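So the structure is just underneath, and the comments pick up after that.
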Amino acid sequence: MVGLVVAATCFLSITRSWWDGTHQTGCGKELPPGQFTGSVSNITIISSGSERSYLVFVPPHYSPCVAKPIIFSYHGGDRTAEDQLKLDQLTNPEFNKNAFVVYPQGINDKWQGVPNITTNDTQFTADILRDVESRYCIDSSRIWATGKSDGAGFCNILACDPILSTRFAAFAPVSGAYYVDALPCDPTTVVSPCFPGRRNIPFLAFHGGNDTTIAFAGGERKNECLPSIPHFIREWAERDGLGSHNITEPLADDAVIYSFGGGSVQLVYDSVMGHDWPSTILNADNSAAGHHPASFNASRMIIDFFESHSL
């Protein structure tokens with residue numbers, strides 16, 4: 001009986017939403033058994049013939065009658081979905097009160113795009129999308145992606161994918177490893193293979209000048225080429241038709257923002273940051289030897305950026 005009431009109430013809400021242009025799928029269903037608002041669940045699906053898993057965070061004030069945005073957050077190499085959940089703080093109500101967050105788990109803790117990795121994680125992402133849209137009331141115009149290191153590199157693959165670039169509204173990679181299969185390696189001219197299915201893709205990247213894992217200047221790594229980060233972000237600006245001219249604004253101590261096209265493509269550069277997820281509080285990255293908290297929170301900036309962009 002409760003389910004019928006929920007379905008009837010949602011039907012009226014969803015019908016109105018179609019008239020005002022909001023794109024919704026999977027609405028009107030109660031949460032699956034064992035899932036609760038404000039909590040995280042582990043979900044297993046079949047993708048490319050194999051069992052794959054992801055964590056999903058249901059926002060505290062979720063209602064099956066109101067479509068919510070969703071963030072995909074990809075862990076770094078040799079890390080896990082659980083590690084990324086703790087690192088990015090996107091389930092922390094200080095930063096995110098409104099969006100679902102999905103944490104996919106890479107096979108052997110790796111992602112497509114890393115040299116010698118052959119898993120089809122674009123298909124995995126598409127399969128997760130179908131799964132979450134069948135379970136929850138998701139606003140399909142507000143699907144966003146972020147990630148750290150190799151996971152950030154995979155965000156770039158999604159942004160460059162002819163199909164998935166049309167499903168995600170904005171991207172925010174952190175300390176990204178953007179491998180290009182090209183040798184000899186010239187980090188300032190190497191061309192990243194990228195064929196998005198639309199123009200004007202909002203893109204916010206973060207990188208540290210003291211990153212000794214994925215150097216800001218780029219270079220050869222794992223027998224492939226890492227572009228310099230300035231060259232990489234200019235490629236995105238030019239791909240979006242914004243030209244190569246940027247505006248530079250101070251952000252905080254040792255940090256600046258390079259903005260193209262009024263801010264739809266941005267690079268946040270912290271000259272003293274290492275291979276970290278920028279945070280003013282201690283996390284698994286900045287508490288390591290030789291590292292330190294940043295003077296800003298990437299998570300806050302990412303949420304603000306995402307909330308300003310929809311399809």
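Overview of values
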quantity: When residues of the stretch 122-164 are limited to those that are touching a helix residue (DSSP H, G or I) at 6+ places or on another chain (Cβ under 8 Å) and polar (S, T, N, Q), the one modelled with the lowest pLDDT; calculated: 140
quantity: Search result, residues across the stretch 216-266 that are in contact with a helix residue (DSSP H, G or I) (Cβ under 6 Å, 6 or more places away or on another chain), under 17 Å from residue 201 (Cβ atoms) and of a type in the set (A, V, I, L, M, F, W, C); calculated: 242, 260, 265
quantity: Every residue from the stretch 188-226 that is closer than 19 Å to residue 261 by Cα and out of contact with any Phe, Trp or Tyr (no Cβ under 9 Å at 6 or more places or on another chain); calculated: 196, 198, 199, 200
quantity: Residue 299 being hydroxyl-bearing (Ser, Thr, Tyr), touching a residue at least 40 places away in the same chain (Cβ under 8 Å), under 19 Å from residue 73 (Cβ atoms) and surrounded by fewer than 20 Cβ atoms within 10 Å (Cβ to Cβ); calculated: no
quantity: Answer from 57, 95 - the residue that is crowded, with 18+ Cβ neighbours inside 10 Å, more than 22 Å from residue 28 (Cα to Cα) and either of a type outside the set (A, V, I, L, M) or free of Cβ contacts under 8 Å to residues at least 60 places away in the same chain (or both); calculated: 95
quantity: Test: residue 117 is exposed (fewer than 15 other Cβ atoms within 10 Å of the Cβ), more than 18 Å from the chain's Cα centre (by Cα) and hydrophobic (A, V, I, L, M, F, W, C); calculated: no
quantity: Unique residue being small (Gly, Ala, Ser), closer than 27 Å to residue 165 by Cβ and part of a loop (DSSP other than H, G, I, E, B) when the list is 295, 310; calculated: 310
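The values are calculated or read from the model by the stated rules, or taken from the named source; none is laboratory data. Everything numeric in this text was worked out from a predicted model, so none of it was measured. Glycine also receives a Cβ, built like all others from the backbone with ideal geometry; neighbour counts cover every protein chain displayed.
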